[in-house]
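Trainee: Dumping the structure here so I can ask a few things about it.
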Amino acid sequence: MYPTITSKFKSNYLLRNFVLFLLSFVLQYGDVAAQIISKPLAFNALTINDGLSQGMVVRMFQDRYGFMWFATLDGLNRYDGYKFTVFRHDPQNKTSVTKSFVQSFFEDSQGRLWIGTISGGLDLFDRETETFIHVNQQAGNTNSLSEGSITSIAEDMHGNIWVNVAGKVDKISIDKTKKLTGESFSFHHVKVPS
């Protein structure tokens with residue numbers, strides 16, 4: 001009669017074989033991994049000297065077209081790999097970004113860029129005209145975005161935009177039958193349990 005192998009012995013056997021396999025792999029290919037790891041990574045620091053509007057970057061993100069976007073205390077910055085384009089609030093221009101202190105942004109499934117500001121305001125960037133469509137935000141108006149700082153933006157599988165506004169959650173539906181303007185949005189304020 002042959003002795004039976006216990007499950008403890010079997011698991012120790014499997015672990016020992018895995019460690020031996022891993023050790024032989026590292027010994028065989030370790031020099032290649034060491035060469036890859038030892039190569040220095042090249043970084044270029046981008047500063048206000050390169051055109052960045054402000055040194056305090058709150059968020060950064062790369063869109064589907066390869067542009068890098070930087071949210072700062074003084075505007076939204078788009079970097080194309082060579083130069084910055086800065087979008088700031090201009091009280092004389094109603095199509096400029098709502099506020100210059102950009103806190104969040106999100107690219108939806110249609111490639112539209114949504115911009116949220118800390119002092120209130122949600123904008124949709126029109127890539128063709130490089131202007132901003134403002135999402136209505138009025139205190140007491142149920143057919144507008146809740147008032148407050150825009151901290152995060154997301155999209156559901158139906159194309160609705162979800163916005164965290166100062167701890168409140170709003171759902172924005174877009175009327176796809178209309179030309180995209182500030183009037184193209186409808187709002188649903190979601191009750192969040194405290």
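Trainee: Here are the criteria: (1) without any contact (Cβ under 8 Å) to a residue 12 or more places away in the chain; (2) more than 23 Å from residue 57 (Cα to Cα); (3) acidic (Asp, Glu). Tell me which single one residue 147 does not satisfy.
Mentor: All conditions are met except number (1).
Trainee: For a quick check of your reading: which strands (runs of 3 or more DSSP E) sit entirely within the range 52-145 and have at least 2 residues that are at pLDDT below 95, surrounded by fewer than 17 Cβ atoms within 10 Å (Cβ to Cβ) and of a type in the set (A, V, I, L, M, F, W, C)?
Mentor: Passing ranges, in order: 57-62.
The values are calculated or read from the model by the stated rules, or taken from the named source; none is laboratory data. This structure is a prediction, so every number in the text was calculated from the model and none was measured. Using ideal geometry, Cβ is built from the backbone for each residue, glycine included, and neighbour counts are taken over all protein chains shown.
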